[in-house]
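In what follows, a structure is listed as structure tokens, so that the remarks can point back to it.
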């Protein structure tokens, strides 16, 4: 299964989607990259049809907010969004783009 | 010890397309109108704060506060440009209020200005995306319409909010805009026209989004015990609050609520002892139709989950329980980003003076709400008619 790269504080164990320099919980500068399982729950999604210059060639694309089962929230892409795809749907990571994870609905 | 502050002068250009007009020219026009309206000696102005967001990327022009003060013939006083994305204007106002309330000066000029319509859609979207955390959410290709498309989906799932209810917000604000001579896009819309407009970020369609606009607005603030030094009709500033929320989606406990708005409204009510029932009108940050619904709930003006229903029942229209965006709001009046927060205050002052073209009957207390970025910056102000 595809994993998702996030940050974990080596002092207190807090997870954060990053990038971030200071742990939001213990304020130590001990965040380090960690891969967590890519399974989670869809919080919401949208289909971006008018993209900023940088992403123009990719539109339309679906952006999603996902609560990973590992206990951290990430913003990524959703590759098989359908009109009826609703918040709460189970998703799993299927790949990654430049600085984001790609998910697919598995329901 | 803070001393009371009043708004004594207001000025604004229309919001919309000002082809060939520079941002300095629009800001100078609004500023000169506000100074004329205030009727005070220019020498009394002890500070200038100008709200602007994207003049750098779109115009290649910064240091606008000093440039415009020079155009206006103001004395050698501190001139500060303020940036807080879509809340830039509201933050500029709060700093001017603070300067007077703390006794740094007796009067101050607030300006808000933006020009956007000369740029392409993709350039504007890219410039607006400067307000996102581009190391995190921005990297995914999220846009601001996208953020609110996500909020809509959660609101619909949780509260059963329907397309028709959200369209009621669009129809109300567009109709209010028809009555506001400064508004860019007043219209008498039917539901079919809204649902047939192009999809932007599902489920947001074109009419759910505020237009791209040029415009400027200005206010003259003065210590309340000095209002006799001017000729303008003063309005009292009861509270001016600024808050911060998470810059990232991942930091929002709820995707259809903004902590910065909730905390700003709570503080404004605590500071004044007022409550939602005391508010006659609110100019709030309806950058999108769903944003008005979320904001009205976050501000505590409408019960949680009822924002869309209230709009559909006419309870947020002029003459309803509380008038929400009688100016037409960002949806119809327009959203020249840095000018918006100042423009909201301009509209609220006209209402409290009893001279608005879309007057809320007997308006005594008004609220304004300006939200920036992914809810990272927020200002909430409460204003009162002095005789109320």
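Only the coordinates and a few stated rules stand behind these numbers; no lab work does. Predicted model only: the values in this text are computed from it and were never measured.
Assorted remarks:
- Between the C-alpha center of the stretch B:120-153 and that of the stretch B:231-246 there is a gap of 29 Å.
- Helix B:88-101 and the longest principal axis of the Cα set of chain B meet at an angle near 40°.
- Normalising the average separation of contacting C-alpha pairs (under 8 angstrom, six or more residues apart) by the number of residues puts the relative contact order of the stretch B:22-82 at 45 percent.
- Counting only alpha carbon atoms, the long axis of helix B:337-352 and the longest principal axis of chain B meet at about 70°.
- Chain A: C-alpha pair distances exceeding 24 Å, %: 29 percent
- Each listed q (0.10, 0.20, 0.21 Å⁻¹) maps to a log10 I(q)/I(0) for the stretch B:241-366 from the Debye sum over equal C-alpha point scatterers, namely -0.30, -1.28, -1.41.
- Choice from B:50, B:142, B:64 showing the highest fluctuation, given a GNM over chain B with Cα pairs closer than 10 Å: B:142
- Nearest 10 degrees, 0 to 90: helix B:259-272 Cα axis against chain B principal axis: 50 degrees
- Taking a ≥ b ≥ c as the square roots of the eigenvalues of the alpha carbon gyration tensor, the stretch B:224-299 is prolate, as a/c is not under 1.5 and a/b beats b/c.
- Size descriptors for the protein assembly as shown, from the alpha-carbon set: Rg then Dmax equal 22.4, 73 Å.
- Ellipticity estimate at 222 nm from DSSP helix runs (n ≥ 4, -39,500 (n - 2.57)) divided over chain B, nearest 500: -11000 deg cm²/dmol
- The stretch A:3-105 - percent relative contact order, Cα under 8 Å, separation 6 or more: 23 percent
- What the Cα convex hull of chain B gives, in volume per residue, is 121 Å³.
- Shape summary of the stretch B:14-153, radius of gyration then Dmax from alpha carbon positions: 16.9, 53 Å.
- Listed residues A:64, A:89, A:51, most fluctuating in chain A (Gaussian network, C-alpha, under 10 Å): A:51
- Gyration tensor verdict on the stretch B:1-51 (Cα atoms; rounded if a/c is under 1.5, prolate if a/b is larger than b/c, oblate otherwise): prolate
- Computed over the stretch B:67-220: relative contact order in percent, which uses C-alpha pairs under 8 Å that are six or more apart: 26 percent
- Value of Rg/Rh across the stretch B:131-288 [Cα atoms, Kirkwood radius]: 1.01
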